[in-house]
Amino acid sequence: MTRVWYDACTGKHVRYGTAIAERLRQQGHEVTLTTRKHPDTLPLAEALNEKFITVGAYSPKSLLTRVEEGARRQLKFCKLFEKGTPRIAISHGSVDQCRVAFGLGIPVISTIDSPHADAVNRLTLPLSNYVIVSKAIPKEVLQIYVSEDKIISFEGVDEVAWVKVSKTRVHYDSDEPLIVVRQLEEKAVYTKKTIDMAILARKLTSLGKVVFLSRYQRKSVKNLIVPRGFIDSVSLVAHADLFVGVGGTITREAALQGTPAIIVDVFRNQYVNEFLARKGFPIFRVEPSKAMKVAKKTLGRKYDVKHLLAELENPVNIIADIVEKVANKAAK
């Protein structure tokens, strides 16, 4: 048995970590799951019935608060593992985990799907022993951070890890077309160009009922449904007639379940989304001015993508194999 540590910084990481933990436990390993206070992490962990240890909080008010909170998390991790350190550390770009794991001599497995997140990549990939990445992302894009021999590519995307095994927990019935819009992550360090998705969401109300998934301030917006608490995005977009975002995780969760997903062009080099579009998944990238036109054209055109999803590789398989490899090596 090997003790494995997974640190989740966002809701996506909670889903990923849960999928990885389930597999590793089946193989007899012990998994410690940590996370931080964040609008999406703790409610999702509870919904998935998975126990995470809360260490620190997400504080994006300024660069200073980010550094301060990161330093606190690192110190708390050291305290957490005073009586025994894990043998392997896994995360989707947790700066705090990578720094502590490297300092403690723990092998690091990193997953990545955002080559544009330069700051995070600089602080995590050089400290990683294994970098698991979709074949959609050219290796040369990552080689400014990590050597090619540490990069392991797979024929799929991260979201396959939980969408393939997802069980719909909530059913959404609507007498009108259901449209889901996701707000841009404006506080991310890598966000240089912004767009007010609430304006587009209000325009989309002419086509149906619009659920607006805000990031932080979940205040009421006229004519929009703004969930105040946790909402299962995987189940929501599975039932939706259309999803509109800027190309993040929920975009792929929608497309992998056959819901047409419109990407409003904000970020460059969206390798992973373009990879899925080439495979035949319903992802459509548009300029902001053309979003409404494409929405009218694609609304309600659900796609049968089960055969396409079955062909994609699950990254959890690769991660589990690496854990076995590291565990066997340590046992010799």
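Observations
- Count of residues meeting criterion [outside any loop (DSSP other than H, G, I, E, B) and closer than 22 Å to PHE275 by Cβ] in segment 217-249: 9
- Test set (1) within 16 Å of the chain's Cα centre (by Cα); (2) modelled with pLDDT under 95 - ASN269 fails condition number: (1)
- Those strands (runs of 3 or more DSSP E) of segment 42-132 in which at least 3 residues are within 19 Å of the chain's Cα centre (by Cα) and under 22 Å from VAL316 (Cβ atoms), considering only elements entirely within it, cover 88-91, 108-112.
- For LYS329: the one exception among (1) exposed (fewer than 11 other Cβ atoms within 10 Å of the Cβ); (2) outside any helix (DSSP H, G or I): (2)
- Boolean, ALA277 is surrounded by 14 or more Cβ atoms within 10 Å (Cβ to Cβ), touching a Lys or Arg at 6+ places or on another chain (Cβ under 8 Å), small (Gly, Ala, Ser) and under 30 Å from GLN27 (Cβ atoms): no
- All told, ALA261 meets the bar of being more than 30 Å from PRO107 (Cα to Cα) and within 24 Å of the chain's Cα centre (by Cα).
- Which listed residue is modelled with pLDDT under 90, surrounded by 15 or more Cβ atoms within 10 Å (Cβ to Cβ) and under 20 Å from the mean Cα position of the chain (by Cα), from THR168, THR191, THR251: THR191
- Count - residues of segment 194-217 that are in contact with a Pro (Cβ under 9 Å, 6 or more places away or on another chain) and surrounded by 15 or more Cβ atoms within 10 Å (Cβ to Cβ): 10
The values are calculated or read from the model by the stated rules, or taken from the named source; none is laboratory data. From a predicted model like this one, the values you see are computed outputs, not experimental measurements. Glycine also receives a Cβ, built like all others from the backbone with ideal geometry; neighbour counts cover every protein chain displayed.
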